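Have a look at the structure below, then the notes.
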Amino acid sequence: MAEVKARNGFLGFLKLLWQGLNITRQAILNLLFFGLLLLIILAAVKKPLPLKNKTLLVIAPHGPIVEQYSIDPAQRLLARLSGEPLQQVQLRDLLRVLAHAANDPHISGVVLDTSELQTGTWTFAALRQVGMAINAFEKSGKPVIAWADGYDQGQYYLAMHADRVLLDPRGDLLFTGLASYQPYFKDLLDKLGVDVHLFRVGEYKSAAEPFILNGPSPAAKRADRYWLGGLWNQWIEAVSARRKLTPAQVEADVDDLPQGVAAAGGDLARMALNEHFVDELATRAQLVAILRRYAAAGSNGHGFRSVSFSDYLARIDRERRFVANRPEIAVVVAEGDIVSGPQKPGTIGGAATARMIRDAREDNDVKAIVLRVNSPGGAVYPAELIRREVELARAAGKPVVASMGNVAASGGYLISMDANQIVAEPNTITGSIGIFGLYFNIPNTLAKIGIHTGGVGTTPWAGAFDVTRPLDPNVGATIQQIIDKGYLDFVGGVARARGKTFDQINAIAQGRVWTGRQAFERGLVDRLGGINAAIALAAHDAGLGSNYEVRYEEPRIRPFDRFLMSLGDSELASISLSHGIMVPRWMATFAPRVAGPLALLQNAAPGHVNVDAYCFCGLYQ
């Protein structure tokens, strides 16, 4: 009897606990719902104040510059409502804001703070485009003032376009050159007993070398030195031109870094000033005093009158009117690794991207397509799906222009090659025309712990791709034949698309990486330029003149996610923050993304030879 009472008492406690949790859950959901409802009502009745004259536009990007957001819409909304800066900024938004601000009489200048801009791997092409937009803005006669608490090479590559470059007196500016290093796993895999089988074509196709070697091959080093040297020379040329120095001076300052530090007494900011890379050293307080020369005082009589990048973007989005019945140019973004199956933005799903191109082809309002590529490649088959749709769009009479961003290599080049024209930045990373297959098996790994595999099959191929069994040499030879055929198709396709012979393309293929400028010199690219140049070229090819609208195709998403996107990208967040309504900051944190060679294995299918057109052509600063 006592046991029954105890059991009933425990079950009653659990029931009570569950009821409490359920009530709490409902309360939180209701709070979020009514909070959003309040924000919508507030946005409807409370319009933002118009901009006043002598207002400075503050551009302080956080995180990397991307072609399209990969952050979940809900996280973007939470970031905006919590007052936290969004950890990504879209290239198209930066270009649009700068172009609009140049003709806005209320904007008296731009403040560029690159302190939190992430420039890491594959970013120079995007930075160059924004830099060109800053130069165009400066033609309006309005100043651009750059300031940071420190500059890396990428941040400085953007900041140098400003009229004046300022640095915090305790800040640092170090130029060290470019490098391409990555981990190699051969000894680790050998110790684990993992057998790695690499099938590739191309002397320079080094993407999978980390799994079979302990360091880069001589061919890989030779190729990497060439394209890295090309990028570095462009960096030196650009810096020397903007800072009115000679390339020899810039090279000497970088090479003689220890002497420069010693001459400045170990003061890196002073060294930057001595070597004329910055115009002035200024704390934040001193920066404000400088900016008061170009702007009115803030609302409280302190600081300076300003508008943030996100608020200004929301304003121009609100003012923008889409003109009906005008022909359209559809921009399809392909950013990230190319993989099979449905994918979120930041990764290219072959079928989903092919569908967006198909939708644009079948839309009578769309007269031309721009395929914006920022990808090192990935799986061959989903890349082929995208390439086929490009081919079909051309066959339907709609011009297709491929616009290459930071990187469009290997599979990224494959999806671009059938466009009517290919446009790349001089410092785009491209080429790497080649494919490889990678297969792992683990019979020796299992043997180390006393596990062995045995059995029978009805044919020599039965169980051939069982990862617990050794790979039969005949199977390996057959796979290599398949890879050889894939390479012939790739090179032959490029030759057909570029109007060249197989031998001409094969001589510059072999998996070799090129800068955009080097690719242009070798006929792999038609023109040098950015996304706006590609859009103008598409309009020209379609005979549109200047009478067209640009529409970015977006992946098909749930209506609720689209609703969240509209909230996060609108003025609603700005209005709510101005009323002190925000969510806790801890809700706006984001998990770090996994990078490096091991990312290649994330989408690998176990028990299969995974055939990829991929380029590990990253660089480190």
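Summary of values
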read-out	value
Per-region count, the stretch 268-284, residues surrounded by fewer than 15 Cβ atoms within 10 Å (Cβ to Cβ) and under 31 Å from the mean Cα position of the chain (by Cα)	1
Elements of type helices (runs of 4 or more DSSP H) contained in the stretch 231-317, each with 1 or more residues being under 30 Å from N53 (Cβ atoms), in contact with a strand residue (DSSP E or B) (Cβ under 8 Å, 6 or more places away or on another chain) and of a type outside the set (S, T, Y)	284-291
Members of the stretch 238-262 that are surrounded by 14 or more Cβ atoms within 10 Å (Cβ to Cβ) and among the charged types (D, E, K, R)	R242, R243, E251, D253
Residue list for the stretch 169-217, restricted to those being acidic (D, E), part of a helix (DSSP H, G or I) and open to solvent by 20 Å² or more (accessible area, probe 1.4 Å)	D187, D190
Conditions (1) touching a residue at least 12 places away in the same chain (Cβ under 8 Å); (2) more than 27 Å from V254 (Cβ to Cβ); number of the one not met by L188	(1)
Qualifying residue in the stretch 437-449 (condition: open to solvent by less than 10 Å² (accessible area, probe 1.4 Å), among the polar types (S, T, N, Q) and in contact (Cβ under 8 Å) with a residue 60 or more places away in the chain)	yes
Search result, residues across the stretch 410-423 that are surrounded by 23 or more Cβ atoms within 10 Å (Cβ to Cβ) and either over 26 Å from G202 (Cα atoms) or charged (D, E, K, R) (or both)	D418
The stretch 49-81, residues that are modelled with pLDDT under 60, out of contact with any Ser or Thr (no Cβ under 7 Å at 6 or more places or on another chain) and within 27 Å of W147 (Cα to Cα)	R76, A79, R80
Count of the stretch 82-113 residues which are at pLDDT 95 or above, in a loop (DSSP other than H, G, I, E, B) and of a type in the set (A, V, I, L, M, F, W, C)	0
Sole exception among (1) farther than 18 Å from V201 by Cα; (2) surrounded by fewer than 17 Cβ atoms within 10 Å (Cβ to Cβ) for A464, by number	(2)
Qualifying residue in the stretch 424-433 (condition: surrounded by fewer than 21 Cβ atoms within 10 Å (Cβ to Cβ) and either under 24 Å from S375 (Cβ atoms) or modelled with pLDDT of 95 or more (or both))	no
Top-ranked residue of the stretch 519-548 - restricted to ones that are modelled with pLDDT of 95 or more and surrounded by fewer than 16 Cβ atoms within 10 Å (Cβ to Cβ), ranked as farthest from N406 (Cα to Cα)	G543
I329, sole failed condition from (1) among the aliphatic types (A, V, I, L, M); (2) in contact (Cβ under 8 Å) with a residue 12 or more places away in the chain; (3) open to solvent by 40 Å² or more (accessible area, probe 1.4 Å)	(3)
Residue among V400, V407, V380 that alone is under 18 Å from I535 (Cα atoms), of a type outside the set (D, E) and buried (at least 21 other Cβ atoms within 10 Å of the Cβ)	V400
Pair list, Cβ under 9 Å, 6 or more apart: the stretch 215-244 residue closer than 18 Å to L174 by Cβ and among the aliphatic types (A, V, I, L, M), other residue part of a helix (DSSP H, G or I) and open to solvent by 70 Å² or more (accessible area, probe 1.4 Å)	I236/E251
Selection count, the stretch 218-230, where residues are surrounded by fewer than 16 Cβ atoms within 10 Å (Cβ to Cβ) and more than 24 Å from the chain's Cα centre (by Cα)	3
Test: G499 is under 22 Å from E391 (Cα atoms), open to solvent by 10 Å² or more (accessible area, probe 1.4 Å) and free of Cβ contacts under 8 Å to residues at least 60 places away in the same chain	yes
Qualifying positions in the stretch 383-397 - hydrophobic (A, V, I, L, M, F, W, C), open to solvent by 10 Å² or more (accessible area, probe 1.4 Å) and within 15 Å of G486 (Cα to Cα)	L385
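Okay, residues lined up against (1) open to solvent by 30 Å² or more (accessible area, probe 1.4 Å); (2) in contact with a helix residue (DSSP H, G or I) (Cβ under 8 Å, 6 or more places away or on another chain):
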site	(1), (2)
N474	yes, no
A477	yes, no
I483	no, no
V494	no, yes
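The rows are residues; the columns are (1) open to solvent by less than 40 Å² (accessible area, probe 1.4 Å); (2) within 21 Å of R96 (Cβ to Cβ); (3) modelled with pLDDT under 90.
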| residue | (1), (2), (3) |
| --- | --- |
| A264 | yes, no, no |
| Q286 | no, no, no |
| A289 | no, no, no |
| F304 | no, no, no |
| R318 | no, yes, yes |
| A324 | no, yes, yes |
| T353 | yes, no, no |
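The values are calculated or read from the model by the stated rules, or taken from the named source; none is laboratory data. All values derive from a computational prediction rather than experimental measurement. Using ideal geometry, Cβ is built from the backbone for each residue, glycine included, and neighbour counts are taken over all protein chains shown. Accessible surface is based on the protein model in full, side chains and every heavy atom, while ligands, DNA and RNA are left aside. Shrake-Rupley method; radii C 1.70, N 1.55, O 1.52, S 1.80 Å.
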